[in-house]
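> If you scroll down you'll find the structure; I have some questions about it.
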Amino acid sequence: MDDDLARDGADAVIIERMVLADTEDGRAVSAAFVDSFGRFMSADVRPVLRRMAADGAEPQLLVNGLAELLRMTADSIEFPLGHERGTRPS
């Protein structure tokens, strides 16, 4: 994708990151996250979404909120509090 951006003349911001699949530690962290998040989604979120749907509510709104929470969490990890991009405007 960065090559596509470069060809299009867009400015690409490159952030140094550890590639999870490249190290044993990265693979362990990745596997633990997927396992924990999968259990959370199955045990906690899915029953709520099913109940909401059965009650005629809009579970997609909850899913959208969860997605935004994940984005905010990722931003706060990538840009810690105190960094100009680490806090979102209210």
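> Hey, Ser42 hits all of (1) at pLDDT 95 or above; (2) surrounded by 11 or more Cβ atoms within 10 Å (Cβ to Cβ); (3) part of a helix (DSSP H, G or I) but one; which does it fall short on?
Only one criterion in (1) at pLDDT 95 or above; (2) surrounded by 11 or more Cβ atoms within 10 Å (Cβ to Cβ); (3) part of a helix (DSSP H, G or I) is unmet by Ser42, namely (2).
> Please verify whether segment 6-22 includes one or more residues that are loosely packed, with under 11 Cβ neighbours inside 10 Å, at pLDDT 85 or above and assigned to a helix (DSSP H, G or I).
No, segment 6-22 has no match at all.
> I'm checking my understanding of the structure. Among residues of segment 45-90 that are of a type in the set (Ser, Thr, Tyr) and surrounded by fewer than 11 Cβ atoms within 10 Å (Cβ to Cβ), which one is modelled with the lowest pLDDT?
Restricting to residues being of a type in the set (Ser, Thr, Tyr) and surrounded by fewer than 11 Cβ atoms within 10 Å (Cβ to Cβ), the top hit is Ser90.
The values are calculated or read from the model by the stated rules, or taken from the named source; none is laboratory data. Given the structure is predicted, the values throughout are model-derived calculations rather than measurements. Here Cβ is always computed from backbone atoms with ideal geometry, including for glycine, and neighbour counts include all displayed protein chains.
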